[in-house]
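Working notes, beginning with the structure itself.
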Amino acid sequence: MLDTTLEQLEQLVSELLQQNQSLTDENAQIRVELNKAREENDTLQLSLLEQEEKQNAAADRLQALVRRVSETRASA
């Protein structure tokens, strides 16, 4: 009976070790994917800032043109 119990315990320990290894591997893969997602997020945020700067510059130029046209109309 003790031998059977020990065999069952050994089997359970073996299964737990396998599950632990699987979870460790899965965790490592998720960490890799998380790092990639973070890098992509950083890239997208930088791109967004650059686009906002370009949009603001274009808006400033348009406002300057509108002012020039308005001033020309007012003086004409």
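Read the figures in this text as sums done on the coordinates, not as results from a lab. Only a predicted model underlies this, so the values are computations on that prediction, with no experimental measurement involved. As a convention, Cβ positions derive from the backbone with ideal geometry for all residues, glycine included, and neighbour counts pool all protein chains shown.
List of remarks:
- Largest mean-square fluctuation among Ala37, Ala28, Ala59, in a Gaussian network model of the chain whose springs join Cα atoms under 10 Å apart, belongs to Ala59.
- FRET efficiency estimate (nearest 0.05) - Cβ-Cβ, Glu40 to Leu16, R0 35 angstrom: 0.45
- For the chain, size of Cβ-based charge dipole, Lys and Arg +1, Asp and Glu -1, in debye: 1240 debye
- Local charge for Leu9 was computed over the other residues whose Cβ lies under 13 Å away, with Lys and Arg +1 and Asp and Glu -1, and equals -4.
- Options Ala64, Thr43, Gln19, ranked by Cα towards positive dipole end of region 19-76, top entry (Cβ charges): Ala64
- Under Stokes-Einstein, with the Kirkwood radius over Cα pairs as Rh, the value for the chain at 4 °C and 1.567 mPa s is 70 µm²/s.
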